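J.: Starting off with a structure, shown below.
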Amino acid sequence: MPTTDASSSEAAGESPGAPRRHVHPADLPGLAQLATEATLGTTRLVEAVHAAVWASLRPGVEASSRTAGLTGFVYRAVRRITRLAGSSAGQALGAVAQTLDSTPPPDTDERRRALSILNGVFGDHLAASDSPLACSFSLRTPAGQRLPASATDAAPLVVFVHGLCLSDRAWAPTADRPGHVDALAAPVGGTPVLARYNTGRSISENGRALSEHLSRLTGRSAGPSRIVLVTHSMGGLVTRSAVRHAHRAAARWPHLVTNTIYLGTPHRGSPLERAGTWVEQQLRRTPVTAPFASLATLRSRGIQDLRRGTIASDAAHDDTPDRPPGRSLYVAAALTSRPPARDAVGDGLVPVASALDASSPTRSATREVVENRGHLDLLHDPAVTEHLRRWLSTTSDA
C-alpha cells in the first residue's frame with residue numbers, strides 16, 4: 001500500500017492534526033555552525049581577492065592569499081570575532097534547544113529532502129566538522145524506520161540505493177505512481193530495504209558503509225537466502241564500491257546477489273562534473289580570478305567522484321571485482337529519441353554510453369534505453385517499473 005502523508009506523519013511521531021515542523025530546535029546549533037563557516041569562507045575569499053589585486057598593482061610582488069600590515073590585522077580580527085561569536089551562539093542555541101524540546105526532530109518528507117540536498121552539496125564538510133546536520137548511513141524500511149540488525153529472515157532481501165542529493169524517500173510512491181519498491185519486491189517474495197546515506201561523502205566511504213551493513217544482515221545463520229540490488233544514479237557506483245570493499249574484507253554477501261539493476265548510473269562519469277572541473281581550472285589561470293576557484297572546490301567529495309565514476313579511494317588499479325555476480329540490468333534514459341542527440345544528451349545528467357557501460361566485463365548483462373524520459377523519471381515512471389518487474393520475474397524464474 002502506498003504510504004500517505006498522514007501515515008508518514010504518524011510514523012515520524014506526529015499526530016495527524018499537529019502542525020508539521022520541518023526545522024527543529026536541535027537543528028539550531030548546526031545552522032549556527034554552518035553560518036559561521038560560511039562567513040569565514042567569505043572573509044577568506046575577500047582577503048584573497050584584495051591581496052591579488054594589490055599584488056597586481058605592484059610589479060615584482062608575489063601574489064598571496066593573505067594581506068599584510070593593518071589590512072591583514074583587520075581581516076584576522078574579523079575571523080577571530082566570527083569564530084568567537086559562532087562558538088558562543090552554538091553553545092547558547094544548544095542550551096536553548098534542550099530547554100525548548102528534547103524530542104527527536106520529525107522525519108518529514110520536506111525535512112528529509114532539504115537535508116539530502118544539503119548533505120549532497122556539503123556532506124563531506126558536515127561530516128568532518130561533526131555537524132548535527134550530517135546524515136549517517138542507515139538501512140530503512142519503506143516507512144522510513146531504521147532497520148534493526150536482526151530484522152531480516154531467510155526471505156530474499158531487495159536493497160534500494162538512491163542517488164546524489166536524494167534519500168530513501170526518493171523511492172516513495174506518489175499519488176499516481178506506485179513506484180518500484182513493492183513492484184520489485186513481489187516477484188522474488190523479498191523484503192524491501194532502503195539505504196539512506198550522506199551523498200556528499202566519497203563514494204568509497206559510502207561503499208564501505210553499505211558493505212558493512214549488508215555483512216551484518218547476512219552474517220547470521222538465519223539471514224537472507226539471496227539479495228537483489230536496485231540502484232539509481234550514484235547509488236550504482238556506491239554499490240560497486242561496496243562489492244569491492246566486501247571482496248577485500250572476504251565478506252560473503254556479494255555471493256548472495258542474484259540480480260543487480262543500475263538505473264542511470266554514471267559508470268564512466270558525468271559531463272556536468274567534468275564541466276565544473278574545467279571552470280575551476282580556468283579560474284586558476286590568472287591571479288585575480290584564482291581566489292574564486294575556491295568556490296568551485298566547495299562541491300562535495302561525492303560530487304567530485306562523479307567526474308570519472310570513481311569508486312575507490314586508492315589510485316592504484318587492481319583486479320578486485322566491483323560487480324556483483326548474477327544477472328545485471330543497465331538502464332539508460334534519453335530525453336529524446338533523435339540520434340545523435342539521444343546518445344550525447346542522455347537523460348540530462350548521464351550520457352547513454354556512461355549509463356550502459358557496454359565495455360564492462362559483467363556477464364549475463366542486459367542493456368536497455370528508455371526514450372523521452374529524464375534522469376529522475378527512472379525512479380517512478382510506470383513503464384520503467386513494469387519493465388523492471390518483467391525483467392526481474394524472468395531472471396528469477398531462470
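The values are calculated or read from the model by the stated rules, or taken from the named source; none is laboratory data. These figures come from a predicted structure and were not determined experimentally. Every residue, glycine as well, gets a Cβ built from its backbone with ideal geometry; the counts of neighbours run over all protein chains shown.
J.: For region 327-355, which residues satisfy the criterion of being touching a residue at least 12 places away in the same chain (Cβ under 8 Å) and among the acidic types (Asp, Glu)?
T.: Step one: list which residues in region 327-355 are touching a residue at least 12 places away in the same chain (Cβ under 8 Å), which gives 327-337, 342, 346-355.
Result: Asp347, single match.
J.: If you take the residues in region 172-195 that are surrounded by 24 or more Cβ atoms within 10 Å (Cβ to Cβ) and in contact with a helix residue (DSSP H, G or I) (Cβ under 7 Å, 6 or more places away or on another chain), which one is nearest to Met234 (Cα to Cα)?
T.: From region 172-195, those surrounded by 24 or more Cβ atoms within 10 Å (Cβ to Cβ) are 180, 184, 193-195; that's our starting set.
From the residues that got through so far, the ones that are in contact with a helix residue (DSSP H, G or I) (Cβ under 7 Å, 6 or more places away or on another chain) too are 180, 184, 194-195.
On the way: His180: 17, Leu184: 20, Leu194: 14, Ala195: 12 Å.
Among them, the one singled out is Ala195.
J.: Please go through region 148-167 and give me each residue that is among the hydrophobic types (A, V, I, L, M, F, W, C) and touching a Lys or Arg at 6+ places or on another chain (Cβ under 6 Å), ordered by number.
T.: Ala149
J.: Right, something else. Within region 145-169, count every residue that is of a type outside the set (A, V, I, L, M, F, W, C), at pLDDT 85 or above and over 21 Å from Leu378 (Cα atoms). If you could, list the steps in order and put the result at the bottom.
T.: Step one: list which residues in region 145-169 are of a type outside the set (A, V, I, L, M, F, W, C), which gives 145-146, 148, 150, 152-153, 156, 162-163, 167-169.
Filter once more, keeping what is at pLDDT 85 or above: 145-146, 156, 162-163, 167-169.
Of the ones still in play, those that are also over 21 Å from Leu378 (Cα atoms) are 145-146, 156.
Number of matching residues: 3.
J.: Hey, could you check region 310-319 for residues that are surrounded by fewer than 21 Cβ atoms within 10 Å (Cβ to Cβ) and at pLDDT 85 or above and say which is farthest from the chain's Cα centre (by Cα)?
T.: From region 310-319, those surrounded by fewer than 21 Cβ atoms within 10 Å (Cβ to Cβ) are 310, 312-319; that's our starting set.
Now restrict to residues that are at pLDDT 85 or above: 310, 312.
On the way: Thr310: 14, Ala312: 16 Å.
Only one residue tops the list, namely Ala312.
J.: Test of understanding: among Arg299, Arg327, Arg307, which residue is in contact with a helix residue (DSSP H, G or I) (Cβ under 9 Å, 6 or more places away or on another chain) and at pLDDT 90 or above? Steps first, answer last, please.
T.: Values: Arg299 fails: at pLDDT 90 or above; Arg307 fails: at pLDDT 90 or above.
Arg327 is the lone residue from the list that is in contact with a helix residue (DSSP H, G or I) (Cβ under 9 Å, 6 or more places away or on another chain) and at pLDDT 90 or above.
J.: Can you pull out the residues in region 154-165 that are surrounded by fewer than 23 Cβ atoms within 10 Å (Cβ to Cβ) and within 19 Å of the chain's Cα centre (by Cα)?
T.: Of everything in region 154-165, just one residue is surrounded by fewer than 23 Cβ atoms within 10 Å (Cβ to Cβ) and within 19 Å of the chain's Cα centre (by Cα), namely Cys165.
J.: Quickly run through region 357-384 and pick out the residues that are outside any loop (DSSP other than H, G, I, E, B) and without any contact (Cβ under 8 Å) to a residue 40 or more places away in the chain.
T.: Ala365, Thr366, Arg367, Glu368, Val369, Val370, Glu371, Ala383
J.: Given the conditions (1) at pLDDT 95 or above; (2) surrounded by fewer than 22 Cβ atoms within 10 Å (Cβ to Cβ), and given that Ala242 satisfies all but one, which numbered condition is not satisfied?
T.: The one condition Ala242 does not meet is (2).
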